[in-house]
Every structure is written in C-alpha cells, then in structure tokens.
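*Asks:* For reference, the structure I am asking about is given below.
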Amino acid sequence: MSTTAAQPERVLSTLNADGTRRWLKPRPSKGRWLNRRRMVGYGLIALFVALPHLRIGGKPPLLLNILEREFTFFGTTLYPTDTLLLALLLITVALSIFFFTAMFGRVWCGWGCPQTVYLELVFRPVERFFQGTPGKGKGRFGAAGGLLKMLVYLVLAFGLAHTFLSYFVGTDNLRHWILGSPLNHPIAFLVMAAVTGAMLFDFGFFREQTCIVACPYGRFQSVMLDRDSLIVGYDRRRGEPRGKKGQRVKPGSDVSLKVVQESDELGDCIDCTMCVQTCPTGIDIRDGLQMECVNCTQCIDACDAIMDKIGRPRGLIRYASQRTIDGEGRNWLRPRVIVYPVAITILVSIMVVLLVIRAPALVTITRGPGNPFTVLESGMVANPIKFKIQDRSEHGGEYSIVLEGVDGGRIDGLTNVRVKPGETFAEPLTLVVPPEAFTTGRLPVTIRVRGEGFDKSSEYTMRGPVHRAGGS
Ligand code: SF4
Ligand code: SF4
C-alpha cells in the first residue's frame, strides 16, 4: 500500500502546481478602507519625495550618507564612532517593529511599506489604465497598452530610483550627478541605472513575490503576532458553512450573484470569491491567517460590498484580533505589549542622555610609524604620533593642541586647526621633550585639545632614552 502523502495543490499562492508563475491580476475593490489607504499612501509618497529636500538646521531630516559615513536623523548626525548610539538606535527600531506588529499586525505592510504603497497605488493603477481592469475589459489602448505601460513604468522607476538614492547620497550630490555628463560620473551613472532597473524589475515583474518570498519581515510574522494582534480576518463562525443559496438577485445589484439569504443552514459567506479575486497576493483569507496576507484590506472592501448587496451586516471580513473573531473579549494587557514599550522607553532615555553628554569632537591619538623615539641634533627627544580629531558639532570648530606636564616640551606640526562640521583632521605630529625628562625610558605626558566648548586632555606615554644625572 502506498504511503505517499498527497501533494498540496499549490505550495505558494503565486506558483502553479507545475512550477510556473501564477500571474495575479487582482480586481480592485472600492470602499472605505481603500479610500483611507489612498489618503495615507499618497500622503506618504508626497513625504517620501519631499523629505530629502527639507532641511532641519541645514541638514535633511533623514540622510544615510554611506559615501561619507554620516547618518543624519532629524538634524543630528551620527558617525561610525558613535557606535553605541547607532546600536541603540537599531535595537530601538527593531523593538518598535516588534511592538507595533504585536499590537497592529502587518499594518506596516498594507499601509506604509513602499513596496505595497507604490505597487498598489501607483503601478497597478497605471497598468489598469493602459491594459484594462480585470472583470471590466482590456482597456482602450489595445495591443499598444503594454508598451505604453512599460514606458510610464520606466519614467516612474527612474524618478523613484533618484528619490531613493537621495536618502543615501544627498540631494546635492544627486543634482551634481544629474546635471553632469555620465562620462564624468560613470560609477554614479551605473548605480543609478542599476537601481532604476531594479525598480522596474520589482514593480513590473517581481511584484507581490517581494512580499511573499523575499521580505524577511513577512517571515517573522508567526513569532511577532499573537491571538490579540490586529489582523484582517474572516469570521468563520458567521460565514460558515458557505455557499450559494438560491436564485434571488438583490434589486439594483450590478454583480450576477444568485443568492437567497433566508436559508437557515448556510452562513453569510455566499462563496462569491470576490475576496479572493481582489487579493494582491492571491490568497483566500477564508483559509485563516496566512503569511502572504499583507493586510491591504482589499478583501474587507470586497466583502463589505457583497454584504451590502445581499442585505447582511458588514464585517464578515474585518480588522480584528483572532481572539475577538473567535467570540472572546479583547485582551489588551499581555506581557509583550508591556515589555516592549518599557524596553523602548529605557533605550530612548539612554540615547537622549548620550546625545546630551556627547562631546562636540572626538580625539584619537596613536603611536606614529617608525622608531618610537629619536634623539634630535639638539639633544631633544622626539616621538612621532598620529593625531586625529573629528568634529561632531553643527558648526565646526577651531582647535589648538598643546603638550602639558613637561617643562620645555612642545609639539611640532600643525597645532591650530579648523575642522568643518562632521569632518576629520588627521595629521602626523611630533612630541618633543628635553632628554632629562626621561628617567625610566617612559614619560607620561598630557596632550590637551581645546576648542569652543571643548577641552579634552589625553594621557600619552612617550618613549625615550634612560637619562642619568650628570651623563647620557
Ligand atoms: S467576499 Fe465575502 S461573501 Fe464573497 S466569498 Fe469572500 S467572504 Fe464570502
Ligand atoms: S487576504 Fe485580504 S488583506 Fe490579506 S493580502 Fe489578501 S486582500 Fe489583502
């Protein structure tokens, strides 16, 4: 007897049983949730485009300048040396995502993620304009529709890629690159072309696959959600057993539903599959919460419209927690919604304190290359050092460097410097002291750096010959 388990009909909503891509053409569903998502989505697109051009204290609100290794958040710039602050920031962002997801499920995916916002509110509407809406014909452009769509996609991807890159290189660099010849900036041009191509591939071809197979956030859902998280869910208790119940069509209905609702045996779901046809990830929400669901709410609008037509209350599919859908009361106070906010509050407090006490400059002194010391013709002992000062203030500063703790000691080299905001001054300097300062071959000295609102003394141990009184 064969013990082979039956193969599932479909392992992925976008994959046919024979392994070919199942292309999705979701049917758009109008309704109150789509209206709300449009308002939020178009507002976010406007913000996304405007943000790199805004300035807070002369800096963009958000700039992850990888080229110059500067990370600006609302006017405050962090550098790679701000390791603790950057680490705390990343942990805070991660915990906020955990908390937000525990409370509101995948609301980010459906309402805020650029992948969903641009695909559902920009690229798909363009496709429907040129190639028709599923269920409503092929559109007015005929065979040329596909080509026209791709041309508009190219322009959109081009603009999107430039906006995206401006968050990493800044609008000034970007303007410089755009206005200059590609031959003057071949690397920048290639990066731009590659990002434009990636956008075109994503929104023109890969589409919902990004959410289903590529995005790590989607994979983490099972551990971040619980029965009290807000989800888009189907009310099985109300909807099942599903089925078409007769031959009556509600007057005025524009869909060919053949329904009688008075039947006692069947639930409210008339199995019209409108919730499935409208789903941009190709799933059936009636099968329960699935990893592919991005909480786009299209199935809510689709089903609400059907409920209106058959005279049943809205909300067979709705935003609710699994617990309330199952008929239990909402449980607001759970360990994770207490632990996450407490941890976030502590981390944010630490970051604020660190930012307040953060020095406006960072000084680094290391031993210079070559011999640790040399004896000059004058008899003075010289030690090479590598001196580095990074300005972390908003306005830059002038700094003076002096040697303290040794009579007759000095520093040879550039000891008065002006450093621009965010820039680093690095120079080899030489510490020079009289030989009689050495008695053991080692001499602790102080290198003091002063600037406006900055005074830092660094201890340093010089090397030199052992000096004996009355001889060398
Ligand atoms: S849209 Fe509503 S009524 Fe139609 S199949 Fe989906 S759940 Fe059932
Ligand atoms: S199941 Fe509903 S909410 Fe989830 S992705 Fe599909 S249409 Fe959107």
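*Asks:* Mind listing whichever residues of region 43-77 are more than 17 Å from the chain's Cα centre (by Cα) and either crowded, with 16+ Cβ neighbours inside 10 Å or not assigned by TED's automatic domain parsing to the domain that holds LEU156 (or both)?
*Replies:* Passing the criteria: LYS59, THR76, THR77.
*Asks:* Looking only at region 320-362, count how many residues are modelled with pLDDT under 95, closer than 23 Å to ASN295 by Cβ and buried (at least 16 other Cβ atoms within 10 Å of the Cβ).
*Replies:* The total comes to 8.
*Asks:* Something else now. For region 132-212, which fully contained helices (runs of 4 or more DSSP H) count at least 3 residues that are at pLDDT 90 or above?
*Replies:* Fully inside region 132-212 and qualifying: 145-169, 186-201.
*Asks:* Under the condition of being over 26 Å from the mean Cα position of the chain (by Cα) and either of a type in the set (Asp, Glu) or more than 30 Å from LEU12 (Cβ to Cβ) (or both), which residue from region 291-306 is surrounded by the most Cβ atoms within 10 Å (Cβ to Cβ)?
*Replies:* Out of the qualifying residues, it is ASP301.
*Asks:* For region 340-428, please list each of the strands (runs of 3 or more DSSP E) lying entirely inside it that holds at least 3 residues being in contact with a Leu (Cβ under 9 Å, 6 or more places away or on another chain) and of a type in the set (A, V, I, L, M).
*Replies:* The qualifying strands (runs of 3 or more DSSP E) are 381-391.
The values are calculated or read from the model by the stated rules, or taken from the named source; none is laboratory data. Everything numeric here is computed off the predicted structure, so don't read it as measured data. Heads up, the Cβs are rebuilt from the backbone with ideal geometry, glycines too, and the neighbour counts pull from every protein chain shown.
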